Amino acid sequence: MPTEHIVTSFDEELSRLSDLISRMGGLAEVQIERSIESLQRRNTEEATQIIEADRAIDLLQTEIEELAIQMIARRQPLATDLRATVAGLKIAPHIERIGDYAKNIARRTIALNQHPPVKPMFTIPRMGRMARTMVQDVLDAFSNHDLAKARAVWERDAELDDMYDSLFRELLTYMMEDPRSITSCTHLLFVARNIERIGDIATNIAELVHYQVEGEAMTEDRPKTDQASITVLDSN
């Protein structure tokens, strides 16, 4: 009976851990969507709200990490249970980083709004939607132990890289044609880079899902295709 109680309690804690990660991921997904919308609408007020909302994600990360550490210390889980706990512990900082990138996009939006708008860049909203979908899908894969869905996200990152490369070339051309646009286009390049980084994080989580389900790390090389990353410095 005591053993059954311990198992039940651990299952409840695992469920709580999964729920917290889902909540944290949901907030990050909303942050991505709102940051892209504020960029498109040149909405400084909403961008400011996005920056302030990042605090909620940080607090959830702390709660998740404290719970996972307590579970490992108290329960000393083995095999599958240990992998699930460790995966949750590692995923939380990845989600927090996604929130940071969304916050960075909001900051770039505020800076962009101090300058005249440049011509519409349709690739950035497309990249944003794709990155958000990747995050949503990989977190669903984690919750449902869905290896196929995680792998699909892992493979989709190459497409996001291609979109980034295309936008990089487009913005460089635009800056050469109109030097007055250099400041605004530079901000947009960093926005695109932040979105591309969100895709990278989604693939990191996909690899953690693979570890959680299979008990071993992925041995294949990550499908990276972006060449622009060797030219543009990271914005952090």
Give me the angle, in degrees from 0 to 90, between the Cα long axis of helix 182-214 and the longest principal axis of the Cα atoms of the chain, rounded to the nearest 10.
20
Could you give the angle, 0 to 90 degrees to the nearest 10, between helix 44-75's Cα long axis and the longest principal axis of the Cα atoms of the chain?
20
ASN144 to THR173: FRET efficiency via 1/(1 + (r/R0)^6), r the Cβ-Cβ distance, R0 30 Å, to the nearest 0.05?
0.10
Residues of type aspartates and glutamates that LYS119 reaches as a straight line, Cα spacing below 19 Å, ignoring anything fewer than 8 places off in the same chain
GLU37, ASP165, GLU170, GLU177, ASP178
Using only DSSP helix segments of four residues or longer, with each worth -39500 (n - 2.57), what per-residue ellipticity at 222 nm results for the chain after dividing by its residue count and rounding to 500?
-29500 deg cm²/dmol
Which value, in debye to the nearest 20, gives the size of the charge dipole of region 2-230 about its Cα centre, when Lys and Arg are +1 and Asp and Glu are -1 at the Cβ?
780
In degrees, nearest 10, the alpha-carbon axis of helix 147-177 is tilted away from the dominant principal axis of the alpha carbons of the chain by 20
Taking the Cα centre as origin and putting +1 on Lys and Arg beta-carbons and -1 on Asp and Glu beta-carbons, what dipole magnitude results for region 1-104, to the nearest 20 debye?
240
Which order do the peptides 36-49, 205-218, 173-186 take when ranked by the mean count of other beta-carbon atoms within 10 Å per residue, highest first?
205-218, 36-49, 173-186
Could you point to the residue in SER143, HIS94, SER15 farthest towards the positive end of the chain's charge dipole, with +1 and -1 charges on the Cβ of Lys/Arg and Asp/Glu respectively?
HIS94
Which of these values of semi-axes √(5λ) of the Cα gyration tensor in Å was calculated from the structure shown: [x] 27, 20, 17; [y] 33, 22, 15; [z] 38, 19, 12?
[z]
Contact order relative to length for the chain, counting C-alpha pairs under 8 Å separated by 6 or more residues, stands in percent at 25
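Bear in mind that the values in this text are calculations on the coordinates, not laboratory data. In this text, all values refer to a predicted model and were calculated from it rather than measured experimentally. Because the Cβ atoms are built from the backbone with ideal geometry, glycine has one as well, and the counts that use them run over all protein chains shown.
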